[in-house]
Each structure stands twice: as structure tokens, then as C-alpha cells.
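For reference, the structure is listed below as C-alpha cells.
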There are 2 protein chains.
Amino acid sequence: MPIQHSKYFDEKVQSLASERHGAKFSIGIISAGTYHFGTGAAERMTVVSGMLTAKLDGSDEWVNYPAGTNFEIPANSGFDVKASTDTAYQCQYL
Amino acid sequence: MPIQHSKYFDEKVQSLASERHGAKFSIGIISAGTYHFGTGAAERMTVVSGMLTAKLDGSDEWVNYPAGTNFEIPANSGFDVKASTDTAYQCQYL
């Protein structure tokens, strides 16, 4: 599958997507800022470098996810996410 | 700094670059295949998911770098790299 480049939020969030062993994944950069993303399939977001602070839809709790940690978002849901510095992530579709 | 999208080798290798705390970094996907990259600054390549097999310029040895491992390339040099499946990496400039 060709690598797909996507841009969101005035290009402040960008991703590259592909697949491996039939499983889709993407990696990207979230520029400093606060954003909301919706999910189709459930996702696992892993912080590669930097840090994300996220709050799942339906939750009131902001949680810090330093580099090397991950969080999962249910299907057909979403999450708010803040980055204080440009942060690299990997997203795997569950 | 705006996120910069770069494409190499007929779009089979693509990267997104930014900086954090004044240090430039990029993340990208290397599609299955074999490539040669040159370096300007010295680089650390970290495999995020998948696997890379690399041979530094001036070396005869191919080394496997599974996800979670990294290798460093001297400045003004280069390396051959093979991916058997689409592989995600992070590159930090040293």
C-alpha cells in the first residue's frame, strides 16, 4: 500500500499511514497545541518522543502520556489531546 | 517550526520533520525495499515498529535493528538500509 500523507488542523498535525501484516498504522507529529480527534476503529496511540496529555470523550480526567507510553481510544469515540512541544506518535488500529 | 513533509525514492520513503527544544527530529515510514541514504549531520535512527537491516558506509556488515533499537550514522557519511515490511522510524540529529 502506498504511504498516505494526511494533514489536519492547518497542517499542525500531520501523519503518514501504511500497513504491515495487514494491520494499518500511522505515525505523525502533533505540533504544540490542543486538538480533538474522533475515532472510527479503536486506536492505540503510542508517544514516540515528547509528551501528550489526553482526555477521552466521556471522561473528565486529563492524563499525561510521556514518551514510551500509550493509551487506547474506543471505536466511534474520540479524545482531546494537548502537546506542549511538538510530539511524535504512532497510531495502531485495533 | 511548521511540520515539513519529504518524499524520497518514488514516495516509498516519506518523513515528517519538526523540532523540539531546538533539536530537529523526523519520523517516517520506509516501505519494503532497499535504499541508500546520505547524512549531513550525524543521525540516530530508532526503529518504532517493524525492523530495519542496515549497513553503514565503509562497513561490510548488515545488522538487524528490531523495533525499539537504534543505530547512529556519522556526519557526512551514509548507510544502506533494507526493510522487509513497511517500517516506522524516528530520526534524531546529533
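The values are calculated or read from the model by the stated rules, or taken from the named source; none is laboratory data. In this text the structure is predicted, and so the values were computed from the model without any measurement. Positions of Cβ are generated from backbone atoms using ideal geometry, with glycine treated the same way; all protein chains shown enter the neighbour counts. Only protein heavy atoms, including side chains, enter the accessible area calculation; ligands, DNA and RNA are left aside. Shrake-Rupley method; radii C 1.70, N 1.55, O 1.52, S 1.80 Å.
Mind jotting down a quarter of the surface of the convex hull over the alpha carbons of region A:43-94, in square nanometres, one decimal? Let's see the in-between values first.
Details: hull surface 13.2 nm².
Over every viewing direction, the Cα hull of region A:43-94 projects on average to 3.3 nm².
Quick one: dipole size for the protein assembly as shown, taken about the Cα centre, charges +1 on Lys/Arg Cβ and -1 on Asp/Glu Cβ, in debye to the nearest 20. Intermediate results must be reported in sequence, preceding the final value.
Working: 14 positive and 20 negative charges, 12 e Å.
It comes to approximately 60 debye.
Add +1 for every Lys or Arg and -1 for every Asp or Glu among the other residues with Cβ under 10 Å from the Cβ of B:Thr53, and state the total. Spell out each step's value before the answer.
Values: positive: B:Lys55, B:Lys82; negative: B:Asp80.
Residues near B:Thr53 contribute +1 overall.
Count neighbours as other Cβ atoms within 10 Å of each site's Cβ, and list the chymotrypsin sites (Phe, Trp or Tyr not before Pro) in region A:10-80 that are DSSP loop with at most 13 such neighbours.
Working: sites: A:Phe25, A:Tyr35, A:Phe37, A:Trp62, A:Phe71, A:Phe79; in loops: A:Trp62.
Answer by residue number: A:Trp62.
So, for region A:23-94, what is the accessible surface per residue at a probe of 1.4 Å, expressed in square angstrom? If you can, show how the numbers build up before the last one.
Details: 3040 Å² over 72 residues.
Ligands and nucleic acids excluded, the figure is 42 Å² per residue.
What residue among B:Ser18, B:Ser77, B:Ser59 has the largest mean-square fluctuation in a Gaussian network model of chain B, using Cα springs under 10 Å?
Of the options given, B:Ser59 has the highest mean-square fluctuation.
With no solvent and one equal point scatterer per Cα, compute the Debye intensity ratio I(q)/I(0) for region B:4-93 at 0.11, 0.12, 0.22, 0.24 Å⁻¹ and report its log10, rounded to two decimals.
-0.27, -0.32, -1.16, -1.39
Where in region B:64-91 does accessible area fall by at least 10 Å² between the isolated chain and the complete protein assembly, at a 1.4 Å probe radius?
Residues losing area: B:Thr85, B:Asp86, B:Ala88, B:Gln90.
Between A:Ser84 and B:Phe9, what is the spin-label point distance in nm, taking each point 7 Å from the Cα along the Cα→C-beta axis?
3.8 nm
Shielding by partners for B:38-46, please: the mean number of other protein chain Cβ atoms within 10 Å of each residue's Cβ. Before the final figure, lay out the partial values.
Numbers: counts 0, 0, 0, 0, 0, 0, 0, 0, 3.
The per-residue average across the peptide is 0.
If I compute solvent accessible area with a 1.4 Å probe over the protein chains, what percent of it on chain A is carbon and sulfur? Could the numbers behind the result be given before it?
On the way: 2070 of 4450 Å².
Carbon and sulfur: 47 percent of the exposed surface of chain A.
Counting only C-alpha contacts under 8 Å and six or more residues apart, can you give the relative contact order of chain A as a whole percent? List each step's numbers first, then the result.
Values: 234 pairs, mean separation 32.1, N = 94.
Once divided by the residue count of chain A, the mean separation gives 34 percent.
Between chains B and A, what is the buried accessible area summed over both chains (1.4 Å probe, protein heavy atoms, nearest 100 Å²)?
On the way: alone 5410 and 5440 Å², together 8870 Å².
So the total buried area for this chain pair works out to about 2000 Å².
A drop of at least 30 square angstrom in accessible area, chain alone versus all protein chains together, probe 1.4 Å. Which residues of region A:1-20 meet that?
When all protein chains are present, A:Ile3, A:His5, A:Gln14, A:Leu16, A:Arg20 each give up 30 Å² or more of accessible surface.
List the GluC sites (Glu not before Pro) in region A:13-94 that DSSP assigns to loop (not H, G, I, E or B) and whose Cβ has at most 12 other Cβ atoms within 10 Å. Which are they? Walk me through the intermediate numbers first.
Details: sites: A:Glu19, A:Glu43, A:Glu61, A:Glu72; in loops: A:Glu61.
In loop regions of region A:13-94 (DSSP not H, G, I, E or B), the sparsely surrounded GluC sites (Glu not before Pro) are A:Glu61.
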